[in-house]
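What follows is calculated from the coordinates using simple rules that are stated; it is not laboratory data. Remember, predicted model here, so these are calculated numbers, not experimental data. For neighbour counting, all protein chains shown are included, and Cβ atoms are generated from backbone atoms with ideal geometry for every residue, glycine included.
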């Protein structure tokens with residue numbers, strides 16, 4: 001594969017990730033949430049700019065890696081609460097808050113995190129385990145049973161899951177590797 005082809009693939013993947021993120025955030029627009037508790041990744045300024053474009057004004061960002069946190073601080077032009085540590089230590093029930101939890105690992109290793117956050121969240125996982133395990137683990141850890149599901153092809157391929165305790169959007173997509181998101185929307 002040529003470098004040019006690889007570049008086009010990476011650009012398409014970034015475009016898809018941005019479309020997924022915009023679609024997921026649209027489910028929370030009516031709630032007028034003003035605070036994000038999340039995981040920004042290495043490019044914190046782009047992350048904060050995106051969040052500001054969605055109306056967020058308070059940012060509580062967690063980072064476990066010291067070098068990434070230093071890089072984030074060096075590239076930060078906004079007022080942000082940056083906490084070194086695991087996001088599992090965040091308060092999970094703050095008012096007017098969206099939890100943006102981009103774990104980049106499979107559901108297999110995130111049971112405590114999946115169970116902790118109850119409402120207004122987007123959780124992103126790697127899809128390196130079978131689909132059935134991803135869905136089964138997610139709802140089992142949350143102590144929920146799926147009662148209905150609806151598959152949609154547009155505007156982005158997604159599934160709406162209704163459980164005995166809530167409503168979720170599930171989206172599989174491709175970033176640098178296969179990923180998926182769960183968003184609790186009701």
Practice prompt. Would you mind getting me the FRET efficiency between residue 165 and residue 45? Use the beta-carbon distance for r and R0 = 41 Å, nearest 0.05.
Written response: 0.65
Worksheet item: Which order results if 86, 143 are arranged by neighbouring Cβ count within 10 Å, fewest first?
Response: 143, 86
Fill in: Base-10 log of normalised Debye intensity for segment 124-186 (one unit scatterer per alpha-carbon) at q = 0.20 Å⁻¹
-0.78
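Fewest Cβ neighbours within 10 Å first, please rank 30, 113, 71 accordingly. Please report the intermediate quantities before stating the final value.
Numbers: 30 7, 113 21, 71 15.
In order of increasing Cβ crowding within 10 Å: 30, 71, 113.
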Worksheet item: For 49, 163, what's the fewest-to-most ordering of other Cβ within 10 Å of each Cβ?
Response: 49, 163
Response to the item:
Under the helix-only model (-39500 (n - 2.57) for each DSSP H run of 4 or more, divided by the residues of the chain), the mean residue ellipticity at 222 nm, to 500 deg cm²/dmol, is -10000 deg cm²/dmol
Discussion item. Suppose each label sits 7 Å from its Cα in the direction of the beta carbon; what would the residue 154-residue 112 distance come out to in nanometres?
Written reply: 4.5
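Give the whole-number value, in cubic angstrom per residue, of the convex hull volume spanned by the C-alpha atoms of the chain.
Working: hull volume 25.0 nm³, N = 186.
It is 134 Å³ per residue.
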Practice prompt. Determine the percent antiparallel among the DSSP beta bridges restricted to segment 3-184, to the nearest 5.
Written response: 60
Discussion item. For the chain, set up a GNM with springs between Cα atoms under 10 Å and report which of 63, 132, 94 has the largest fluctuation.
Written reply: 132
